Amino acid sequence: MRENWRSKLSVLAGASALALSAVTATPALAEDAPVSPQEVQMPADVKIVEGGATDPGATVPFPADEAEQAEQAGPVQTATPGGQAEAVGAAKATPSSSTCLGSTTAYGVSGCFQHNGDIVWAGDTKKDGMSAAVGVYTDYGRAEEVCVNKLGADTWATCNKDYREGGDVRLRVLRYDGDTGKFYQPETWSGWIPVDGKY
């Protein structure tokens, strides 16, 4: 009888330990907000590049479907050409998976790499006072750079770069506080993306 009780107790203890490890090892989902922002240490020499809005009237190479794009754009902006309202309206264009590779998402940020033009896209998906940041790493030793979207929530910014055609890039998405110059988790990494877009 004692052996039976001990075996039941050991099975129960093992199941409890497994459940606890599953709960503590589960990473934060893309839309789950962290309890408090946790700082991410970046190399001191990392180059921070402020992303810009797409040019007004420019053809966005990967628009969302018309209904989604109209919903995201909101009311039509009637500011003078080159004005802030027009720039924010242009920044609401969203990339699609047809030409933007390595789509990666974490809480408050989405990023991808457009191989035709070597453009890094950084989307800010949360109104929380922080900016979206997309770090770009190469497999051939180029210094790390981070494309930061300071255009506000529900916008996309682009950083136009020039990478070696035979190389690969990897994206790291996280949050950025412009007031302190610090980066915060949660963060997510993409896989390696060929610069020429040919897998």
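The values are calculated or read from the model by the stated rules, or taken from the named source; none is laboratory data. Only a predicted model underlies this, so the values are computations on that prediction, with no experimental measurement involved. Note: ideal-geometry Cβ built from the backbone for every residue, glycine included; neighbour counts use all protein chains shown.
Taken as a whole, the structure leaves THR180 outside the set of residues that are of a type outside the set (A, V, I, L, M) and either at pLDDT 95 or above or crowded, with 16+ Cβ neighbours inside 10 Å (or both).
Scanning region 184-199 for residues that are in contact (Cβ under 8 Å) with a residue 60 or more places away in the chain, surrounded by fewer than 19 Cβ atoms within 10 Å (Cβ to Cβ) and out of contact with any Pro (no Cβ under 9 Å at 6 or more places or on another chain) turns up TRP189, GLY191, PRO194, ASP196, GLY197. Being under 16 Å from GLY102 (Cβ atoms) and either touching a Ser or Thr at 6+ places or on another chain (Cβ under 9 Å) or modelled with pLDDT of 95 or more (or both) holds for only one residue in ALA157, ALA133, and it is ALA133.
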